[in-house]
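The values are calculated or read from the model by the stated rules, or taken from the named source; none is laboratory data. Model, not experiment: these values are computed from the prediction. Cβ: placed from backbone, ideal geometry, glycine included. Neighbour counts: every protein chain shown. Surface accessibility is based on the protein's heavy atoms, side chains included, excluding ligands, DNA and RNA. Shrake-Rupley method; radii C 1.70, N 1.55, O 1.52, S 1.80 Å.
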Amino acid sequence: MALVTGAGQGVGRQTVTDLVRRGIAGRVVVNDYVADRAETVAEELRDLGAEAIAAPFDVTDGPAVQEAVARATAEFGGIDILVNNAGNSGTAGHAQDQTAFWESAPSDWLPWIGVNFTGVLHCTHAVVGGMVERRYGRIVTVISEAGRVGEPNYVVYSGAKAGAAGFTRAIGGAAGRYGVTANCVSLGATRTPATAQIDEMDDKTTRRILSGYAVKRFGESADASAAICFFAGEDAGWITKQTLPVNGGYSNAL
Ligand SMILES: NC(=O)c1ccc[n+]([C@@H]2O[C@H](COP(=O)([O-])OP(=O)(O)OC[C@H]3O[C@@H](n4cnc5c(N)ncnc54)[C@H](O)[C@@H]3O)[C@@H](O)[C@H]2O)c1
């Protein structure tokens, strides 16, 4: 069974759908803290023949995560694929930093740290013990090129995503001997509801942004999902602690 967080739209929605369509998971838990989104996607997946349940919890709420995972496990059996996808700045979507870091207050940092870092800890904590027991698991964490390169307009987000990547590598090291892999997919600018402003940009702005990319288009959710599904599949069992940039050549992984 697979749990995909933030699967009510964008990359998460595409990923949970592709996990089903590609036969990687027949049972899926569709998480989103917007309950309607989670239910709509679960319904779509049931129409595709999957066993799908909606689980509308906030990944930053540890007890809620534990409870939802316990409920899903009782209904469906253990979770053997976790995609830590929920991210950005929670309810604020993907808004840029409003002030320079040196003028920010610590309370400004919390939305970024909560969903992009602490949420990854909570969800992994809730499922990895079962994976270790069953000697099988796939954990995929969606990070950002901001976390690899350091993005001046998303300072705390950059740090939180880098933290999530470091944590994912470490848990891959700790759980590898039990058949559990943990990898990251690092996204460049990708067209999703969170980045709807991409579609409203004038040509000059679009060209300026894409000048940093070798492939001259923005990413699509399907680009992200293809890499996530690869790491989530059975065949990727000897790949762990890695970060794969899916970024149109914006930066390199050597
Ligand atoms: N779109 C991009 O350009 C881009 C670039 C780099 C990284 N990313 C990362 O990719 C992932 C998916 O991004 P997206 O663009 O599809 O985002 P999105 O905002 O379109 O979708 C994210 C979904 O997650 C849900 N969500 C947010 N906070 C949550 C929480 N605390 N608990 C549960 N659900 C929550 C939202 O309700 C939303 O439905 C995120 O981790 C994001 O940081 C995206």
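Quick check for me: using +1 on Lys/Arg Cβ and -1 on Asp/Glu Cβ, what's the dipole size of the chain about its Cα centre, in debye to the nearest 20?
On the way: 21 positive and 27 negative charges, 187 e Å.
So the dipole magnitude of the chain works out to roughly 900 debye.
Measuring with a 1.4 angstrom probe and ignoring ligands and nucleic acids, Ile209 comes out at about 50 Å² accessible.
Relative contact order of region 7-74, please, whole-number percent, based on alpha carbon pairs below 8 angstrom and at least 6 residues apart. The partial results should precede the final answer.
On the way: 96 pairs, mean separation 19.2, N = 68.
So the answer I get is 28 percent.
Distance between the pseudo-spin-label points of Trp238 and Ala100 (7 Å out from Cα toward the beta carbon): 5.1 nm. Nonpolar atom fraction for region 33-91, defined as the carbon and sulfur part of the 1.4 Å probe accessible area, stands at 48 percent. For the residues Glu145, Glu44, Glu75, a GNM of the chain with alpha-carbon springs under 10 Å puts the largest fluctuation on Glu75.
Roughly how many debye, to the nearest 20, is the charge dipole of region 1-151 about its Cα centre, given +1 on each Lys and Arg Cβ, -1 on each Asp and Glu Cβ, and no other charges?
640
With the simple spin-label model, which puts each label point 7 Å out from Cα in the Cβ direction, the Ala35 to Leu254 separation comes to 5.2 nm. Just checking the listed ones, Val34, Val215, Val185: in the Gaussian network model of the chain with Cα springs under 10 Å, the one fluctuating most is Val215. The aspartates and glutamates whose alpha-carbon is closer than 13 Å to the alpha-carbon of Lys216, local same-chain residues fewer than 8 away aside, are Asp203. Based on DSSP H segments of at least four residues, each scored -39500 (n - 2.57), the chain has a per-residue ellipticity at 222 nm of -13500 deg cm²/dmol.
Per-peptide packing, taken as the mean over residues of other Cβ atoms within 10 Å, places 162-170, 232-240, 197-205 in the sequence 162-170, 232-240, 197-205 from highest down.
Looking at the chain, the accessible area is 47 square angstrom per residue; that uses a 1.4 Å probe and ignores ligands, DNA and RNA. The GNM of the chain, with springs linking C-alpha atoms under 10 angstrom apart, assigns the highest mean-square fluctuation among Arg191, Arg207, Arg134 to Arg207.
Treating the beta-carbon of each Lys and Arg as +1 and of each Asp and Glu as -1, no other charges, what is the dipole magnitude of region 198-254 about its Cα centre, to the nearest 20 debye?
On the way: 6 positive and 8 negative charges, 70 e Å.
The calculated dipole for region 198-254 is roughly 340 debye.
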